[in-house]
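Trainee: Quick one: the structure is below, questions incoming.
Every read-out reported here was derived from the displayed coordinates using simple, explicitly stated rules and does not represent laboratory data. As the structure is a prediction and not an experimental result, all values here were calculated from the model. Note: ideal-geometry Cβ built from the backbone for every residue, glycine included; neighbour counts use all protein chains shown.
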Amino acid sequence: MDVKRKHEIEAALASEAQAVSSGRLKEDSPLDTSVAFLDFCEACRRGDLKAAQELLQAGVNVNARDQHDYTPLILASLCGHYEVIQLLLENGALCERDTFQGERALYNALNDRIRNLLLSYDYAKSTNPLQPLAAHVSSLLTRPEPKTADITITAYDQSFRLHKFLLAARSPYFAKKLAEAPNTASWKLPHAIPAEALRVALQYLYFSEVSLRNVLHGLSDDEELVVLNGVDKIGRQLEMERMFEDITEVSDRRLLRQKRAEELVRGRDQLELWFRDNVLKNKMIVDTDQVDGIRWDRDNSIFADVLLRADDDDGAKSTIYGVHKAMLLRSEYFLTMFNSPFREAQDARYLHVVNLDCTPQVLETILTFIYTERSDFGLDIAVDVLFAADQLFIEKLKQRAALIISSLGNGSTSTVEAENPRGETDAEEAIDVYEIIRAGWDTRVQRLEEFCARYIAYRLEHYIDEAEFAELVQESAKRVTARQETDTVELIDDIRWYLSERFRLRFEDTHFDEMMDENPKADREALADAVKDLDISDKTAGAVRTLDGEIAGDEFAQDAINYQILLGKIDALLENLGLDA
Amino acid sequence: MIAGRGRQRIRPPRRGLHGDDLDFDSTWVSIEAAFREIHTKNASRLSYEELYRHAYRIVLKKRGDELYKNVYEFEKNWLASEVRGSIDQLLSPNLLANVQNVGGTTANERRVSGEKFLKGLKQAWGDHQVCMSMLADVLMYMDRVYCQDHRRPSIYTAAMFLFRNEILQSNISETDERDVLGLLNHVILEQIQMERDGDIIDKHLIKSCVHMLDGLHADDLESDDQRLYNVSFEREYLDTSRIFYRTEAEALLRDSDAGAYCGHARSRIHEEEDRCRSTLLDSTTKKIQNVVEAELIQNRIHELVEMESGVRFMIDNDRRVELNLIYDLNARVDENKSEVTRAIQRRLVEMGTAINSDAIAASQATSTSAQEKNLNQQTVAAIKWVEDVLVLKDKFDRIWRESFNSDNLLQTAITRSFADFINSPTFPRSSEYISLFIDENMKKGIKGKTEAEIDLVLEKAITLLRYVQDKDLFERYYKKHLCRRLLMNKSISNEVEKQMISKMKIELGNNFTAKLEAMFKDMAISEELTSGYKRYVEGLGDRDPKRIELSINVLTSLTWPMETIGGTGEDDASKRPQCNFPASVEKIKRGFELYYNEKHSGRTLTWLPNMGTADVKAVFPRVPQKDGSLKERRHELNVSTYAMVILLLFNELPVEQSLSFNEIQAQTNIPHNDLVRNLQSLAVAPKTRILRKEPMSKDVKPDDQFFFNEGFKGNFVKIKVGVVSNGNKVESDRERRETEKKNDDSRNFCIEAAVVRIMKQRKELSHQNLMTETLSQLAAQFKPDVHMIKKRLESLIEREYLERVEGAESYRYLA
């Protein structure tokens, strides 16, 4: 394993500090002493997924550090919370080899599983969270099919097929120009500006990583000067002041990355602003029975080229969004649709209306994600978003929805087991776990199945006797046979695993396993018999009782017996269902 | 924001996603209707969103397998009825008749019906692909979810299998059990056959059908080696091609000559290559080439090479283009090109042997005529031999360059063949002949040639020299010839001689030329000596009008071939009778010896009068001229030293007195042989009869009397009196035996030296290793006879340089 030596790290640290203090480099992990950030650190320390997710959505800086120089990632890594680490990394926490903070997170990793997770997110392999959006927009410059461009810009001898909404969103100059004449279909640049310069500017505008060095490679000094002047001129004309500076300076990797990240955030914000001001503001809410009468001309002020329709739950109102195929292509569903020879891909006088099988709120969430990469929606629509994303093949959004469900789904109950050792729950659960696990199965999100197994394991007392639970087990068993010929029931396996985790946490130090082995088999059978006429309702007494109502000597003994009872119940359930697992 | 969400609950998923309100049958009806539209090319009116939604819901409701099955059945029915129906219409009786090989249809009819069939099939396949990709678009969710979960092939793949099953593998008709695929193969093959016969066919059309076969697999796993193209069509194609080419090869061998055969084979190979590119698939190129090569070349190459119009004919008639063809063909199937190589080598050795025997015949043809003439004849034969070999070499070089693409293997083979016949044991004269060739050129041949031309001649000689194995023998001859050239001043240009030496140096190394160079050095020193002596004499005092001028060559005895110089060899140099010079000459001789000893003390000069010449001014008495006046005649006679000594005897003799042979010999002490020859040239040769002999006969007998021939008439003032047997000629048999003996002697020394060198270094060595090392050390000079080495070893052991190691086949060096 390639690990830096101490003096190398110290040298890197010193030069980094120098770079930061001289203002060349922005600090990756600025000091943050706000209450929200300290709460966030605490959540990471304790492994509180839900709190962490909520704070992240509220906009806490995932890469800041506290007064002891700890970043949330280091804390979570040190304390061994795998899911939290995953959450942090997915939200852009940096873990880069060869940086002080990155190495610290690796050093401190509690176990190899976490270490490997961290390594897999090293900057070289992972990407800026906005990179997928940027990559898509960049690809629009060169994508030949389907045709989505609506304006042609010509410089010298080259012409570029472009998208008005992107031009308007990114360049104030175009915003003004297009507002004056939205129907413009072509635009010619003065001859003084070379095509190369325009290409560079457009690549920049379309979120590509542009390096002027590459562009100028192989040009003579004169040509170089012409191109540079052209870029400068275009930058000023399009009112993208930072462009010239952004693409000229190419120094070290981190500086480059920071600049790139800043530019992506700025670009995304521009796009988001434009999206909210135009797409969302121009949505139309009409009575569903009149929706068929809606006609949008091809030339419209927001440059939409297709309409999306979503109906309210009660079916009375429909909402119509004018959107851009170019962006919808991020969904494989739309990509196939617009590439096919079906009606939606044909040119018609008025824009096609594509019906989507979700509420306007869900559709708006999806569109927001597609246009801005943002996915901060609530638990209330998470399952709907999950299904919609599955239907439209937007994998990333699906994962986001699953993440939200699994991190917020525990309701107000903390996921931190230490705080709820006895499986006590709120009277009112935030989720219908049966619904979630089926959704997980339907949409093939492994994470949800694991989440639910854990959820149930920690509250098995409540579910073990419900008829629907038995049904669920049966369903899981069926899924297995459909996949491969084995005898395990995945759900039960998972539950058993989490159950052992739940109890072992407290037994680990006391040789619980040995104790288990000492238990005579007869005892276990006796326990299983006792389970059959179990009555949970009398678990109201204040004394320390086991699940079968016996009074246990202390909480420790209570746990041991409860564990046996629960395992026995699972066996009994399987036997009843005729499953052999 | 967070606060608002704290108590969020998940709402139940909406609207029937999870309800049981799915009416599968009616949904399917609408899907099916849409699919029909797609198949009838009316898709542009259909809504993708709607179709997708239907399929999505069905899959979400876990009824994906029903959907899959329905689509499958639908497609199957469609293919079986609609598509199959349209194919059926193409199966004209004409087409079917072909399959059964029933005659009665013209080629044109067959082509038209075949093309129609291919077009129809291509159309059906194209439509099927387009429709199925649209279906796959609509059923994307099913493909991704249901098919992946249940390990089913995607609907597109399944539909491709269907096309294979329902169309290609279906029977032609109820009564005809052959399948459409077989028919397709047959039609394509027939079209290809038409093209082979010179017709034009629609390559593009066939290519489309081939692509179809390439896209389909014989199994359901889509494994790469199960493509229909490979397992069905290609196999048949290769088989029919094999039969076709086998028949064609037979016919061609029977009906045309080798050149035409090669040309045809080559164009067939290219044709097949083109066909693979334009009509079939590139992956077949290699395979069909193997077939064509096997049938047209591999199995026939031997026959082809041996044909009457085969390689031998081509070589003899310089058919270089055809040779190139046959070489090319052979190279395709055999990287060693063994057949062609063998034929070439055989022919080359044959031709070389013919040259050898011509030379021998020429040298013996005139054995009945005079000795001198005979020798000349042999020289001519030698030069002719060299030139013939060079012509042969040129011929094969050209063939090699133009026909064999300068192939290294063949160059080696040709070189080996040349070496074979040049060093052939039945022809031992190559070294001598080459040396003679050089000699001839040095003396006459290069006169008036430009530098480049001369260089070419020298280069030719070197080329031949390369082939010669016994380099030492050559060295011996060359030295001998060079010696004569130098001493007799026969060489046209010293420069060219030196050039030759430096060329040999490059080719054979320093050792080889060291002695030759030393000879040149001696010549240079001698010139200095001569002029130095002349200055020395002039410095001595008054000019003596009667002084005899001396031009001298001092030769280092070891460098020069003594047998040539001394006539009898160096071993009896001390016993050689000293010739008695006349007083005036003797004086000069002493003078020079004095001068020389002053310069180099301790050196012995041995005079070789047999090698010298002298210019003698002779005055003949007045004889009546044509105009009646009497005139003294003066001639300058250029004679050998011996002749000069003889003539001077007559100076002191009164007119009309004679000397007998014995008297002359007694007075001069000239060796018998030399005396006979010199007297012959002075008294017998008709143009230089300065002496008169009685009785007049050709032979010189001891009691013959010699007179000064006062009536000698010469047309020129300067007269050169040649001595019989002067100059470089082919050796007589006796001389050759002698040369060989000498050569063997010096080889013996070389071998002993090599053995001692090796043993000194290795101390102990097995017999086998010693032999190998010795052979390799000597390879540059000559190829020693193993028997000879053994003898030398014996001799070395006798002389206690080596001893045998007890009980082992090895030797030890004794220091």
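Trainee: To the nearest 0.05, how large is the calculated FRET efficiency for A:GLU42 and B:HIS150 if R₀ is 45 Å and r is the Cβ-Cβ distance?
Mentor: Once the sixth-power term is evaluated, E becomes 0.45.
Trainee: May I ask which of B:LYS393/B:LYS444; B:LYS479/B:LYS521; B:LYS393/B:LYS505; B:LYS760/B:LYS783; B:LYS617/B:LYS687; B:LYS460/B:LYS741 have a Cα-Cα span longer than 19 Å here?
Mentor: As for pairs spanning more than 19 Å Cα to Cα, those are B:LYS393/B:LYS444; B:LYS393/B:LYS505; B:LYS760/B:LYS783; B:LYS460/B:LYS741.
Trainee: Counting other C-beta atoms within 10 Å, and keeping those with at most 11, which DSSP coil trypsin sites (Lys or Arg not before Pro) do you find in segment B:122-193?
Mentor: In loop regions of segment B:122-193 (DSSP not H, G, I, E or B), the sparsely surrounded trypsin sites (Lys or Arg not before Pro) are B:ARG151.
Trainee: Stretched out fully, how many nm does the piece from B:TYR595 to B:ASP23 gain, at 0.36 nm a residue minus the Cα gap?
Mentor: Once the chain is fully extended between B:TYR595 and B:ASP23, it gains 192.1 nm.
Trainee: What is the spin-label model distance, in nm, from A:LEU110 to A:LEU219 if the labels are put 7 Å beyond Cα along the C-beta direction?
Mentor: 5.5 nm
Trainee: Quick check: the angle from helix B:235-255's long axis to the longest principal axis of chain B, C-alpha only, nearest 10 degrees?
Mentor: Taking the Cα atoms of chain B, the angle to B:235-255 is about 40 degrees.
Trainee: Give me the distance between the Cα centres of segment A:44-108 and segment B:692-708, rounded to whole Å.
Mentor: Measuring centre to centre over Cα atoms gives 134 Å.
Trainee: Under 5 Å between amide H atoms, partner at least 5 residues away or on a different chain: which partners does B:LEU46 have, H built in plane at 1.01 Å?
Mentor: Close amide H contacts, sequence-distant or interchain: A:ARG343.
Trainee: At what distance in angstrom do the alpha carbon centres of segment A:157-229 and segment B:516-537 lie from each other?
Mentor: That distance is 92 Å.
Trainee: Please find the FRET efficiency linking B:GLU694 to B:ALA583, where r is the Cβ-Cβ separation and R0 is fixed at 41 Å, and quote it to the nearest 0.05.
Mentor: 0.90
Trainee: Moving on. For a quick check: with amide H placed at 1.01 Å from N, whose amide H comes under 5 Å from B:ALA614's, ignoring anything fewer than 5 positions away on the same chain?
Mentor: Under 5 Å from the amide H of B:ALA614 lie the amide H atoms of B:VAL639, B:SER640, B:THR641, each far enough along the sequence or on another chain.
Trainee: Debye calculation, C-alpha points only, no solvent: report log10 I(q)/I(0) for segment A:132-248 at q = 0.11, 0.13, 0.18 Å⁻¹, in the same order as the q values.
Mentor: -0.34, -0.48, -0.95
Trainee: Relative to the longest principal axis of the C-alpha atoms of chain B, give the angle of the C-alpha long axis of helix B:641-651, reported between 0 and 90° and rounded to the nearest 10°.
Mentor: Here the helix axis deviates by roughly 20 degrees.
Trainee: Looking at chain B, which longest stretch skips every one of the chymotrypsin sites (Phe, Trp or Tyr not before Pro) that is in a DSSP loop with at most 16 other Cβ atoms within 10 Å, leaving the sites themselves out?
Mentor: B:1-606
Trainee: Starting from the Cα of A:ASP69, step 7 Å along the direction of its Cβ; do the same at A:ASP297; then give the gap between the two resulting points in nm.
Mentor: If labels sit at A:ASP69 and A:ASP297, their model points lie 6.5 nm apart.
Trainee: Can I ask one more? If you fit an axis through the alpha-carbon atoms of helix B:371-403 and take the longest principal axis of the Cα set of chain B, what angle between them do you get, 0 to 90°, nearest 10?
Mentor: 20 degrees
Trainee: Taking each residue in A:337-347, count the Cβ atoms of any other chain within 10 Å of its Cβ, then average. What number comes out?
Mentor: Rounded to a whole number, the mean comes out at 6.
Trainee: Assuming a viscosity of 0.890 mPa s and a temperature of 25 °C, what translational diffusion coefficient in µm² per second does Stokes-Einstein assign to segment B:733-813, Rh being the Kirkwood radius over Cα pairs?
Mentor: My calculation gives 186 µm²/s for D.
Trainee: Applying the Karplus parametrisation 6.51 cos²θ - 1.76 cosθ + 1.60 with θ = phi - 60° to the phi angles of segment A:100-116, what ³J(HN,Hα) value in whole Hz is obtained for each residue in order, glycine and proline being reported as x?
Mentor: Listing the rounded values in order: 4, 5, x, 5, 5, 4, 5, 3, 7, 3, 5, 8, 5, 4, 5, 4, 5 Hz.
Trainee: Can you pull the one-decimal nm distance between simple spin-label points at B:LYS444 and B:LEU238, each 7 Å off the Cα toward Cβ?
Mentor: Simple spin-label model gives 6.8 nm for this pair.
Trainee: Please compute the Kirkwood hydrodynamic radius over segment A:6-126, one decimal place, Å, based on all pairs of different Cα atoms.
Mentor: 14.4 Å
Trainee: May I ask you to list the trypsin sites (Lys or Arg not before Pro) in segment A:61-151 that are in a DSSP loop and have at most 14 other Cβ atoms within 10 Å of their Cβ?
Mentor: A:LYS125, A:LYS147
Trainee: Let me ask another. Can you tell me the FRET efficiency between B:LYS790 and B:ASP420 if r is taken as the Cβ-Cβ distance and R0 is 25 Å, rounded to the nearest 0.05?
Mentor: 0.45
Trainee: Counting pairwise Cα distances across segment A:107-192, what percent come out greater than 22 angstrom?
Mentor: Here the tail beyond 22 Å accounts for 49 percent of pairs.
Trainee: Over segment B:671-815, consider all pairs of different Cα atoms and compute the Kirkwood hydrodynamic radius from their mean reciprocal separation; express it in Å, one decimal.
Mentor: Computed over Cα pairs of segment B:671-815, the Kirkwood hydrodynamic radius comes out at 20.0 Å.
Trainee: A follow-up question, please. Using just the helices of chain B, give the 222 nm mean residue ellipticity in deg cm²/dmol: DSSP H runs with n ≥ 4 each add -39,500 (n - 2.57), and the total is spread over all residues, rounded to 500.
Mentor: Computed mean residue ellipticity for chain B: -19000 deg cm²/dmol.
Trainee: Give the share of C-alpha pairs in each 10 angstrom bin for chain B, from 0 to the last occupied bin, in whole percents, shortest bins first.
Mentor: Percent of pairs per bin, in order: 2, 9, 12, 12, 11, 9, 8, 7, 7, 6, 6, 4, 3, 2, 1, 0, 0.
Trainee: Tell me, what HN-Hα J-couplings in whole Hz come from the Karplus equation 6.51 cos²θ - 1.76 cosθ + 1.60 at θ = phi - 60° for each residue of segment B:598-608, using x for Gly and Pro?
Mentor: So the J values, rounded to whole Hz, are 5, 6, 10, 7, x, 9, 9, 9, 10, 8, 10.
Trainee: Determine, for A:HIS7, B:HIS635, the number of other Cβ atoms within 10 Å of each Cβ, and report the residues in order from fewest to most.
Mentor: Ranking A:HIS7, B:HIS635 by Cβ neighbours within 10 Å, fewest first, gives A:HIS7, B:HIS635.
Trainee: Which of the aspartates and glutamates could be linked to B:LYS713 by a straight reach, that is with a Cα gap under 15 Å, when you skip same-chain ones fewer than 8 residues away?
Mentor: B:GLU632, B:GLU636
Trainee: Which lysines does B:LYS61 reach when only Cα atoms under 18 Å apart count, and residues fewer than 8 places away in its own chain are ignored?
Mentor: A:LYS478, B:LYS69
Trainee: For q = 0.06, 0.08 Å⁻¹, what log10 I(q)/I(0) does the protein assembly as shown give under the Debye formula with an equal point scatterer on each alpha carbon and no solvent?
Mentor: Ignoring solvent entirely, the Cα scatterers give -0.86, -1.12.
Trainee: Scan segment B:131-177 for GluC sites (Glu not before Pro) in coil per DSSP, keeping those whose Cβ has at most 10 other Cβ atoms within 10 Å, and list them by number.
Mentor: The qualifying sites are B:GLU174, B:GLU177.
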